[in-house]
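Values quoted throughout were computed directly from the atomic coordinates according to the rules given, and no laboratory measurement underlies them. Just so you know, these numbers come straight off a predicted model, no measurement behind them. In this analysis, Cβ positions are derived from the backbone assuming ideal geometry, glycine residues included, and neighbour counts consider all displayed protein chains.
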Amino acid sequence: MELKVSQAIEYTKKLIRKFSDVRFSSQVIFLILVILVFWSGVRSIQQNYQLQKQINQINQQNLILKLQNSNIALLNNYYKSSQYQEIIARENLGLGYSGETEILVPDTIALKYDPNPVSANSKKKIATNNSNFAEWMNFFFGKHN
């Protein structure tokens with residue numbers, strides 16, 4: 001046991017003598033500085049990578065918002081167009097061009113000629129995407145959906 005203790009004391013004395021040598025001490029200090037500079041460089045690279053990821057994510061969100069804004073601008077232009085205003089005037093207000101005449105056919109007569117009558121209990125409105133002209137052509141030529 002005493003041999004190990006004396007060996008440890010001798011080893012410690014050698015280390016102290018080595019550190020008292022200016023060349024060894026300067027090499028150790030230089031090695032510590034190199035490790036600190038290397039570690040700092042690694043940390044700055046990692047931080048730059050994280051910041052670049054955030055920048056890319058924000059740029060993508062910005063692009064999405066720009067696309068949404070352009071879609072809204074296109075919708076606004078469509079809502080201002082005469083075609084949209086005509087469609088809305090015909091659908092909601094029952095308006096038409098001058099010279100056009102609206103013919104109201106009672107339900108009893110209209111349903112009499114309908115091959116697929118809708119029951120009175122379930123007054124469902126049949127939605128069609130045809131234009132007014134196409135609907136009249138279908139009516140006159142007997143084409144039904």
Which Cα, out of 57, 33, 71, lies furthest along the positive dipole direction of the chain (beta carbon charges, K/R +1, D/E -1)?
33
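Go ahead and estimate [θ] at 222 nm for the chain from helices alone: -39,500 (n - 2.57) per DSSP H run with n ≥ 4, summed, over the residue count, rounded to 500.
That calculation yields -25000 deg cm²/dmol at 222 nm.
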Using label points projected 7 Å from each Cα along Cα→Cβ, tell me how many nm separate residue 133 and residue 69, to one decimal.
3.9 nm
Could you work out the mean projected area of the convex hull around the alpha carbons of region 2-80, in square nanometres to one decimal?
9.3 nm²
For the chain, take the alpha-carbon Rg, divide it by the Kirkwood Rh, and send me Rg/Rh.
1.70
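Can you check what the net charge comes to around residue 24, using other residues whose Cβ is under 13 Å from the Cβ of residue 24 (Lys, Arg +1; Asp, Glu -1)?
Working: positive: 14, 17, 18, 23; negative: 21.
Cβ neighbours under 13 Å give a net charge of +3.
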Could you give me the ³J(HN,Hα) list for region 62-77, computed from phi with Karplus coefficients 6.51, -1.76, 1.60 and θ = phi - 60°, whole Hz, x at Gly and Pro?
5, 5, 4, 5, 5, 5, 5, 5, 5, 5, 5, 5, 5, 5, 4, 5
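Test of the criteria: in region 77-113, which GluC sites (Glu not before Pro) are in a DSSP loop and have at most 16 other Cβ atoms within 10 angstrom of their Cβ?
On the way: sites: 86, 91, 100, 102; in loops: 100, 102.
Passing both the DSSP loop test and the Cβ count: 100, 102.
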Work out the length of the dipole vector of the chain about its Cα centre, built from +1 on the beta-carbon of each Lys and Arg and -1 on the beta-carbon of each Asp and Glu, and round it to the nearest 20 debye.
1280 debye
